Amino acid sequence: MVEPDHLVFAAHDLDGGAAWLEQHLGVALSAGGRHARMGTHNRLLGLGDNFYLELIAIDPTAPPPGRPRWFALDRLPAQDRPRLIHWAARSNDISRDAAASSEDLGEILSMERGDYRWHISVPADGHLPGDGLVPTLIQWDVPFHPAQRLPDAGCRLMKLEGFHPQPQRIRTALASVGLGSRLDVHACAAAEPAQLVAYLRTDRGLVELD
């Protein structure tokens, strides 16, 4: 079974991105760590059982990874705040589920951070599958999950929706990995960029993140 695992926010600068997100949500993010294989680092926010938000950025202190970084971070457009660019879904057989996807999810790489070990689908050129709307697949190879170690900040995902010029293509890809009911996909104009939108319940009320 494939289940939503986490939201992916991208920022040019981790500290600046965290400050913006914390002000917007009214909660503090938790320390994450470094991904040596990709030259990135992150911070995290728990969103309930086995689900969380990841704020990720290129680590300026890390050596170049020698390959395109994941989540299209090498091609992140100039922006004044972090953006919701993608999401990841959890699999218990990532090779099987990636092969079933109608969208090319890339190769399966082994990764580690601290005592976490996982496998993850990463396109060779680092692009976002489905322009960010088709999730990266992740298979945790440890008996614990990041969300289980994060404090409960009272935030929960209420709804996730996407906008794409080819909505049926995205719906087909989601259905191919058993996630057809997990993302509401709407059509947008051909000239408009694809967009992912999350609605979080917080102590401040409903907050929209895109």
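The values are calculated or read from the model by the stated rules, or taken from the named source; none is laboratory data. A quick note: this is a predicted structure, and the numbers were derived from the prediction, not measured. Note that each Cβ is placed from the backbone with ideal geometry, even for glycine, and that neighbours are counted across all protein chains shown. Please note that ligands, DNA and RNA were not included when accessible areas were found on the heavy atoms of the full protein model with its side chains. Shrake-Rupley method; radii C 1.70, N 1.55, O 1.52, S 1.80 Å.
Quick notes
- DSSP beta bridges in the chain [antiparallel fraction, %, rounded to 5]: 75 percent
- In this structure, Gln79 and Asp104 have a Cβ-Cβ separation that, at R0 = 25 Å, corresponds to a calculated FRET efficiency of about 0.40.
- Rounded is the label for the chain, because the ratio a/c of its alpha-carbon gyration tensor axes (a ≥ b ≥ c) stays below 1.5.
- Here the stretch 1-104 exposes an accessible surface that is 50 percent carbon and sulfur, computed with a 1.4 Å probe and the other protein chains kept in place.
- Residues Gln23 and Glu161, FRET efficiency given R0 of 25 Å [Cβ-Cβ distance, rounded to 0.05]: 0.55
- Couplings 3J(HN,Hα) for the stretch 183-191, derived from phi with the Karplus relation 6.51 cos²θ - 1.76 cosθ + 1.60 (θ = phi - 60°), are 9, 7, 10, 10, 7, 10, 5, 4, 7 Hz, where x marks Gly and Pro.
- Nonlocal amide H pairs with Arg113, under 5 Å, H built at 1.01 Å: none
- Surrounding net charge for Leu196, when Lys and Arg each add one and Asp and Glu each subtract one, Cβ distance under 14 Å: -4
- Normalising by residue count, the stretch 98-210 has a Cα convex hull of 128 Å³ per residue.
- Mean separation of Cα contacts under 8 Å, 6 or more apart, over the residue count of the chain: relative contact order %: 22 percent
- Shape call, the stretch 88-162: gyration tensor on alpha carbons, a/c limit 1.5: oblate
- Note on Tyr116 and Asp15: the extension gain reaches 34.1 nm, defined as 0.36 nm multiplied by sequence separation minus the Cα-Cα distance.
- Sequentially through the stretch 143-152, phi angles give Karplus couplings (6.51, -1.76, 1.60; θ = phi - 60°) of x, 9, 10, x, 4, 6, 9, 9, x, 7 Hz, Gly and Pro residues having no value and appearing as x.
- In the chain, helical runs assigned H by DSSP with n ≥ 4 each contribute -39500 (n - 2.57); averaged across all residues and rounded to the nearest 500, the mean residue ellipticity at 222 nm is -4000 deg cm²/dmol.
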